[in-house]
Amino acid sequence: MSSLLNLLQLTSPGLPLGAYNYSEGLETLVEQQRISDAAQLGSWLEMELQFGAIAVEGAILVRAYHALTHSDLDTLVYWNHWLTASRDSRELQQQSWQMGNSLLRLLTDLEDISPQLPDLATCRRELAPNCNLAIAYALAVAHWKIPLEDAILGYLHSWSSNLIGAGVKLIPLGQTSGQRLIRQLHPVLEAGSQRLLSLGDEDLFACTWGASLASMQHETLYSRLFRS
């Protein structure tokens, strides 16, 4: 039961990471009228979950978790650098760093440390100056003893819920339409989380050039509600 409560806290929209500030290029796509209704938003989210950067993040989360459980900080740092180098736009890179650093500080402030794992202070020092969100999330999962399979599903669900929330504001959609979208994504989330558990290093790629271009163009939008 404690692991479930820890997962609920980690994926809660009330966690002070600032996720609500970001749309990951969705704001650009709505402005360009490429996404204008719930069906189009659902299709975009489904494609991102299957072939986008979020899937790669989930796979790196798995690797970071295993590195932590083996006290292998060199491998943890390697995957943190790998994630940083894989970002296609400055906004996406800054988003991952801001949220990752925020979560790392929060974990340190909560002082909930497992003696079987590298302590959080050591991890913060090794990952400085910037920790990506997926890496910080893996730290929380390992220290809070959350089952890895549940943690990945929670990570994907949290990402989807945040962007659906952005879509509700931007398109705009009604709250019921947003909740319906979340339920429609359940099979995709379940299949995706299972696939990421066994994804090989040779399969760590994403086909998201459209989303990447939207993120790059977001910096020059005339007016913006979101930071990415």
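If you take just the helices (runs of 4 or more DSSP H) that sit entirely in the stretch 3-108, which of them hold at least 2 residues that are under 18 Å from Ala206 (Cα atoms) and open to solvent by 50 Å² or more (accessible area, probe 1.4 Å)?
Working: elements: 26-31, 38-51, 53-69, 73-86.
Output list reads 38-51, 73-86.
Of all the residues that make up the stretch 154-177, how many are under 15 Å from Ser12 (Cα atoms) and free of Cβ contacts under 8 Å to residues at least 40 places away in the same chain?
Within the stretch 154-177, residues that are under 15 Å from Ser12 (Cα atoms) and free of Cβ contacts under 8 Å to residues at least 40 places away in the same chain number 0.
State which residue is nearest to Ala53 (Cα to Cα) when the search covers only the stretch 178-194 and only residues that are open to solvent by 60 Å² or more (accessible area, probe 1.4 Å) and touching a residue at least 60 places away in the same chain (Cβ under 8 Å).
Per the stated criteria, the residue is Gln184.
Considering only residues that are hydrophobic (A, V, I, L, M, F, W, C), touching a residue at least 60 places away in the same chain (Cβ under 8 Å) and farther than 19 Å from Asn132 by Cα, which ones fall in the stretch 8-43? Walk me through it before giving the result.
From the stretch 8-43, those hydrophobic (A, V, I, L, M, F, W, C) are 8, 10, 15, 17, 19, 26, 29-30, 35, 38-39, 41; that's our starting set.
Narrowing further to those that are touching a residue at least 60 places away in the same chain (Cβ under 8 Å): 10, 15, 17, 19, 26, 29-30, 35, 38, 41.
Of everything in the stretch 8-43, those that are hydrophobic (A, V, I, L, M, F, W, C), touching a residue at least 60 places away in the same chain (Cβ under 8 Å) and farther than 19 Å from Asn132 by Cα turn out to be Leu26, Leu29, Val30, Ile35, Ala38, Leu41.
If the requirement is being more than 25 Å from Thr176 (Cβ to Cβ), out of contact with any helix residue (DSSP H, G or I) (no Cβ under 7 Å at 6 or more places or on another chain) and either of a type outside the set (Ser, Thr, Tyr) or in contact (Cβ under 8 Å) with a residue 12 or more places away in the chain (or both), which of these qualifies: Ala59, Ala53, Ala64?
Exactly one residue qualifies, and that residue is Ala53.
Just to verify a result, which residue in the stretch 20-71, among those that are aromatic (Phe, Trp, Tyr) and closer than 17 Å to Ser160 by Cβ, is modelled with the lowest pLDDT? Quick ask: steps written out before the conclusion?
Residues of the stretch 20-71 aromatic (Phe, Trp, Tyr): 20, 22, 44, 51, 65.
Subset that is closer than 17 Å to Ser160 by Cβ: 20, 22, 44, 51.
Details: Tyr20: 88, Tyr22: 85, Trp44: 94, Phe51: 90.
Looking at the filtered set, the residue picked out is Tyr22.
The values are calculated or read from the model by the stated rules, or taken from the named source; none is laboratory data. It should be emphasised that the depicted structure is a prediction, and the values quoted were computed from it without experimental measurement. Neighbour counts run over all protein chains shown; Cβ positions are idealised from the backbone, glycine included. Note: accessible area is taken over every heavy atom of the protein model, side chains too, but ligands, DNA and RNA are not part of it. Shrake-Rupley method; radii C 1.70, N 1.55, O 1.52, S 1.80 Å.
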